[in-house]
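The values are calculated or read from the model by the stated rules, or taken from the named source; none is laboratory data. Just so you know, these numbers come straight off a predicted model, no measurement behind them. Note that each Cβ is placed from the backbone with ideal geometry, even for glycine, and that neighbours are counted across all protein chains shown. Accessible surface areas use protein heavy atoms only, side chains included; no ligands, DNA or RNA. Shrake-Rupley method; radii C 1.70, N 1.55, O 1.52, S 1.80 Å.
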Amino acid sequence: MKKITRNYTVEGIIFASICIFCLLSFALVRSMSVVDSKINENYTYVSYEVLTDNVVPVTKEEQKNVVRPYNDDKVKVGKTFYDYQNKETQEKSIIYYENTYIQNSGVDYINDTVFKVNAIKDGKVLSVTKDDITGTTIKIKHNDNLISVYQSVKDVLVKEKEEIKQGQIIASSSTNAINQDLGNHLHFELYSNNKLIDPEKFFNENIKEY
């Protein structure tokens, strides 16, 4: 009888030790997940490319306070961004070029007369290029992993690697071959964390009031 009692005691100790270890492991994992969720609420993810450029993740509050790429009240939307989830606007977001239908990757802003194009936020000019189809394009990288693209412009006032300020005039609206039906316009694109987003939705959420 003594031998049986001794064996049960040893098994009980082992079982209790396993339970305590499991509880401690669960508590540790739980605490780590809570910390991680708090970080995700305050910071945006950045890609490997951005990290190699020494760009620090920023809070959601710092994503705000952008301006539109123009300051002329007469400028309006000529062609909207192609949204896969919005079937009502898809037809108005198609570009027809050389017998081919193309989904619009940005927003086209139009006006009867030429208007000034400005930077939506502080940043650094990545490139200034010219193409026979899309015209002249300026690409600017901002500190919060936001890249803005200004296409179909002329009279460019900035150069590659130049640091620019929010609202700074960088060019003027113009025309291009792929969107001839729009006439004088600015084709504007936005990339957030390397993904194309709808500029109009972004402006509505983050626009800065003067």
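Data for the structure
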quantity	calculated
Which numbered condition D132 misses (of (1) open to solvent by 30 Å² or more (accessible area, probe 1.4 Å); (2) within 28 Å of E98 (Cβ to Cβ); (3) of a type in the set (D, E); (4) under 19 Å from the mean Cα position of the chain (by Cα))	(4)
Residue check for D132: over 12 Å from F188 (Cα atoms) and touching a residue at least 40 places away in the same chain (Cβ under 8 Å)	yes
First in the stretch 161-173 and under 23 Å from T134 (Cα atoms), second anywhere and part of a strand (DSSP E or B) and open to solvent by 10 Å² or more (accessible area, probe 1.4 Å), Cβ under 7 Å, 6 or more apart	K161/K124; I169/K116; A171/K154; S172/K116; S172/K154
Those residues of the stretch 96-110 which are closer than 15 Å to D181 by Cβ, among the β-branched types (V, I, T) and surrounded by 13 or more Cβ atoms within 10 Å (Cβ to Cβ), in sequence order	I102, I110
Tally of residues being in contact (Cβ under 8 Å) with a residue 40 or more places away in the chain, open to solvent by 60 Å² or more (accessible area, probe 1.4 Å) and under 21 Å from V114 (Cα atoms) across the stretch 174-193	1
Index of the failed condition, L196 passing every other in (1) within 21 Å of V77 (Cβ to Cβ); (2) crowded, with 18+ Cβ neighbours inside 10 Å	(2)
Test for S127: is it in contact with a helix residue (DSSP H, G or I) (Cβ under 9 Å, 6 or more places away or on another chain), in contact (Cβ under 8 Å) with a residue 12 or more places away in the chain and assigned to a strand (DSSP E or B)	no
Residues of the stretch 199-210 satisfying the condition of being under 12 Å from P69 (Cα atoms) and either crowded, with 18+ Cβ neighbours inside 10 Å or modelled with pLDDT of 90 or more (or both)	P199, E200, F203
Condition check for I140: hydrophobic (A, V, I, L, M, F, W, C), modelled with pLDDT of 80 or more, assigned to a loop (DSSP other than H, G, I, E, B) and open to solvent by less than 10 Å² (accessible area, probe 1.4 Å)	no
Number of the exception - V158 against (1) in contact (Cβ under 8 Å) with a residue 12 or more places away in the chain; (2) under 23 Å from I197 (Cα atoms); (3) more than 15 Å from the chain's Cα centre (by Cα)	(2)
